[in-house]
1. Using a 1.4 angstrom probe with every protein chain in place, what is the largest-first accessible-area order of Ile251, Ile154?
2. Where does region 161-287 land on Rg/Rh, using Cα atoms and the Kirkwood Rh?
3. So how do Met94, Met67 rank on accessible area, 1.4 Å probe, biggest first, that is with the largest at the start?
4. Compute the whole-percent fraction of alpha carbon pairs in region 258-330 spaced more than 14 Å apart.
5. Can you tell me which of 287-298, 98-109 comes out highest on packing, and rank the rest after it, using the mean Cβ neighbours within 10 Å?
6. Give the distance, in whole Å, between the Cα centre of region 171-203 and the Cα centre of region 245-297.
7. Can you give the Rg and Dmax of region 129-227 based on its C-alpha atoms, in angstrom?
8. Can you tell me which lysines have their Cα less than 20 Å from the Cα of Lys353? Leave out same-chain residues fewer than eight positions away.
Amino acid sequence: MEVEIVAGLAGLAGLAIGLATGLAVRVSERAQRVAVPATPQGGLPPGVASVLSVLRSSAVVVDAEDMVLRASSAARAFGIVSGDRLVVDELLAMARLVRRDGEIRETEIQVGRSRGRHRADGRWFAVRVAPLGSHGLVLVLAEDLTEMRRVEAIRRDFVANVSHELKTPVGALSLLAETVESAADDPEAVRRFAGRMQHESVRLTNLVQDLMTLSWIQGDEPLSELHPVSLDEIIVEAIDRSQIKAASKNIEVTGGGKEGQKVRGDEELLVTALRNLIDNAVAYSPENTRVVVSTRRCDDLHVEINVTDQGIGIPEGDLERIFERFYRVDPARSRQTGGTGLGLAIVKHVTTKHHGEVTVWSKEGSGSTFTIRLPLLQPARPPGAARATEPEPDDRPAPDPFDGEPPSAGPADGDGPPQAPPSRHP
């Protein structure tokens, strides 16, 4: 009897121990499952946010439901993300494919191009889409390629334009050389064709020289060897270099304005820029007219050089593009004038190199006024010197640059070009 009681107690004790052991195992397994690090379905893995914050590319993380968990400010500014959604259909489709098969995908997309607009509009991005962890998260990286594409387009257009411009005089020289050879027994024809060859060679030389000048000044390097330059001397020299072209059309080129103004810069470049403006004014002005070059003190810090003509004027739609390389308002007329199409581009870059700006006023049939605005040379003042000792700017109203003889179709009052002071002959 006692043996049976002892056996029963032992069985109960074993059952209690088994139950306690099983309970302990289940509690341990549950504790282990809680302790295992896991990516929460609604958040980022540890450390990912810190990595994304230092990336240069626009970064977006989407979850398994295509909801945006994190997006850089650039991604929102460029229109890739709006609220908590990817708004670019191409990116959303790529994210779903990557989530499905786990393969990294790359492509280029355009964002922001409205329907019907030119393909060059909008912004271009190099996109890389990759899985992030094992919970359906997808990382989208987008690098802005817009500026690089713009530079490539400019370079491509520049090469095409240069090739076209060089082809014309080179082809003309080749043809004229063949003609001279075939007319060797006709001295009059040889002289005539030799003159044409000289004209084309000058045109080719000017084009190459303008290309070299433009290539030099459009770089990021600052100008060296800057010296105080007198604008009076700049104007006299530029007018003198333009006299032959002006005389061929009986156009009078005069200088005027406030004398004694000085700037810091490269004298040869400033003369080149001003001569280009004068040559441009002469080329697009009718015979027996005038071109006035004048200076005007704007304020204590700046001075303006105005080149005013009585020419054909520029259409309003072309004013924003006339400083582009090889851009011509009237290509047929430009071929007649013999210009290279680089003169105004050189003016713009020279002015920019001197920390100034160039602007234009024009009306068809009323002529044009090109204005170069430059910083004045500031004289060194001893410590404690009164600022009042500086000369005051000339704020008096200026008379008509053509001395009471405006163009036949001159602008109405209040709608004309910047006025220049009385003329002075160089």
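1. Ile154, Ile251
2. So for region 161-287, dividing Rg by the Kirkwood Rh gives 1.09.
3. Met67, Met94
4. Percent of Cα pairs beyond 14 Å in region 258-330: 70.
5. Numbers: 287-298: 20.6, 98-109: 12.9.
Highest-to-lowest ranking by the protection proxy: 287-298, 98-109.
6. Computed from Cα coordinates, the inter-centre distance equals 34 Å.
7. 26.1, 91
8. Straight-line reach from Lys353, under 20 Å: Lys262.
The values are calculated or read from the model by the stated rules, or taken from the named source; none is laboratory data. Everything quoted here is computed from the prediction, not taken from an experiment. Every residue, glycine among them, receives a Cβ derived from its backbone with ideal geometry; neighbour counts consider all protein chains shown. The area values use the complete protein model at the heavy-atom level, side chains included, leaving out ligands, DNA and RNA. Shrake-Rupley method; radii C 1.70, N 1.55, O 1.52, S 1.80 Å.
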